[in-house]
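Structure, as structure tokens:
The values are calculated or read from the model by the stated rules, or taken from the named source; none is laboratory data. In this text the structure is predicted, and so the values were computed from the model without any measurement. As a convention, Cβ positions derive from the backbone with ideal geometry for all residues, glycine included, and neighbour counts pool all protein chains shown. Please note that ligands, DNA and RNA were not included when accessible areas were found on the heavy atoms of the full protein model with its side chains. Shrake-Rupley method; radii C 1.70, N 1.55, O 1.52, S 1.80 Å.
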Amino acid sequence: MRISIIIPVYNNTRDLPECLSAVKAAAKNVDTEIIVVEDGSTDDTPAVAASMVVRVLRLEKNSGPGAARNFGARHAMGDILFFVDADVVLAPGAVDRVVSVLDSPQFAAVFGSYDARPRAQGLVSQYRNLLHHFVHQQGNPEASTFWAGCGAIRREIFLAVGGFDAERFPRPSIEDIELGFRLRQAGHRILLDRDIQGTHLKRWKLRGVIWTDITCRALPWSRLILNSRETPNDLNLKLGQRVSAALVALAAATLPLALWRVGLLVLPLASLLTVVILNRDLFAFLMRQRGIAFAAACIPLHLLYFLYSLLSYLFVRAEVQIKAMMARPDGALRRG
């Protein structure tokens with residue numbers, strides 16, 4: 001098999017050289033082509049990409065990673081399309097592992113996770129990247145979705161299902177998750193391979209995390225779930241995660257009652273304690289990685305994550321119901 005490693009990039013001169021160096025090292029024993037799709041950058045990213053002696057394709061205007069990956073796939077010559085984000089440093093054995101998995105016809109696609117060594121310092125960056133590692137490492141191997149940060153798919157299947165929906169997702173969002181849904185609906189199998197990893201270089205700030213989670217993930221993912229009427233019990237949507245979100249919302253709703261009667265404080269405190277217990281494996285992992293103080297500092301961040309994720313879902317659910325009511329004929333609305 002020949003593998004086409006496709007790296008979409010936009011205004012990222014800082015991370016791209018290290019990303020490409022790691023890709024070259026990981027691919028040295030495999031028949032590969034490395035394609036950088038330059039997504040209309042306004043800085044020196046095209047020159048940086050060209051200096052790395054790889055194939056560079058350029059979009060005239062910034063169109064988003066979905067469109068960039070599709071563009072790379074159309075020009076690729078490999079049997080396998082291996083998508084890698086420009087801020088990911090592949091582990092040495094990642095490409096070999098992709099070949100090993102997709103050498104068997106039983107899987108159409110495979111993806112991995114970030115490793116447990118995020119480069120960016122700071123509480124928010126460390127929490128965010130380690131959370132992603134933990135969630136993927138605990139996910140079901142028989143995956144219900146796809147991840148394009150470090151994931152591969154057979155080219156003929158990718159083209160057959162239409163690739164990423166770049167029109168629906170013109171900016172970084174859940175274009176890979178939606179592709180995974182379509183792959184599964186078409187009867188294809190996707191493997192989450194815990195041994196395929198890469199170091200994430202992205203720096204996060206709290207405001208950026210909340211904005212990205214709500215606008216680029218929670219809202220579109222909720223719409224996808226409600227439209228498909230399918231809620232996978234996997235990754236961020238496992239039953240324990242959904243129960244945790246409900247308990248955090250319950251705590252937030254009942255906390256004001258403590259102003260009226262202090263004894264009622266037991267209800268929100270019990271709810272939050274239950275959330276911590278339900279997520280004890282995550283906090284134990286964070287403690288092993290960075291110590292007890294770090295794990296304790298991550299608890300309020302994780303509670304906040306549950307709260308805005310549930311509120312986003314409820315917003316979309318209300319939005320869907322309102323649209324359905326408005327779409328009814330007047331007579332049906334009156335009878336309802």
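Check Ala332, Ala295, Ala324 and return the single one that is of a type in the set (Gly, Ala, Ser) and at pLDDT 95 or above.
Result: Ala295 is the single residue among Ala332, Ala295, Ala324 that is of a type in the set (Gly, Ala, Ser) and at pLDDT 95 or above.
Hey, among Gly291, Gly208, which residue is open to solvent by less than 70 Å² (accessible area, probe 1.4 Å) and on the phi > 0 side of the Ramachandran plot?
Step by step, each of Gly291, Gly208 is checked, and only Gly291 is open to solvent by less than 70 Å² (accessible area, probe 1.4 Å) and on the phi > 0 side of the Ramachandran plot.
Conditions (1) modelled with pLDDT of 85 or more; (2) over 30 Å from Leu183 (Cβ atoms); (3) surrounded by fewer than 17 Cβ atoms within 10 Å (Cβ to Cβ), marked per residue:
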site	(1), (2), (3)
Ile225	yes, no, no
Gln241	yes, no, no
Leu247	yes, yes, no
Leu250	yes, yes, no
Ala258	no, yes, yes
Val262	no, yes, yes
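With the condition kept exactly as written, say whether any residue in segment 150-163 is farther than 24 Å from Thr32 by Cβ and at pLDDT below 95.
no
Given the conditions (1) more than 26 Å from Asp193 (Cα to Cα); (2) open to solvent by less than 60 Å² (accessible area, probe 1.4 Å); (3) at pLDDT below 95; (4) not acidic (Asp, Glu), and given that Val53 satisfies all but one, which numbered condition is not satisfied?
(2)
Criterion first (among the hydrophobic types (A, V, I, L, M, F, W, C), over 30 Å from Gly187 (Cα atoms) and free of Cβ contacts under 8 Å to residues at least 24 places away in the same chain) does Leu57 satisfy it?
yes
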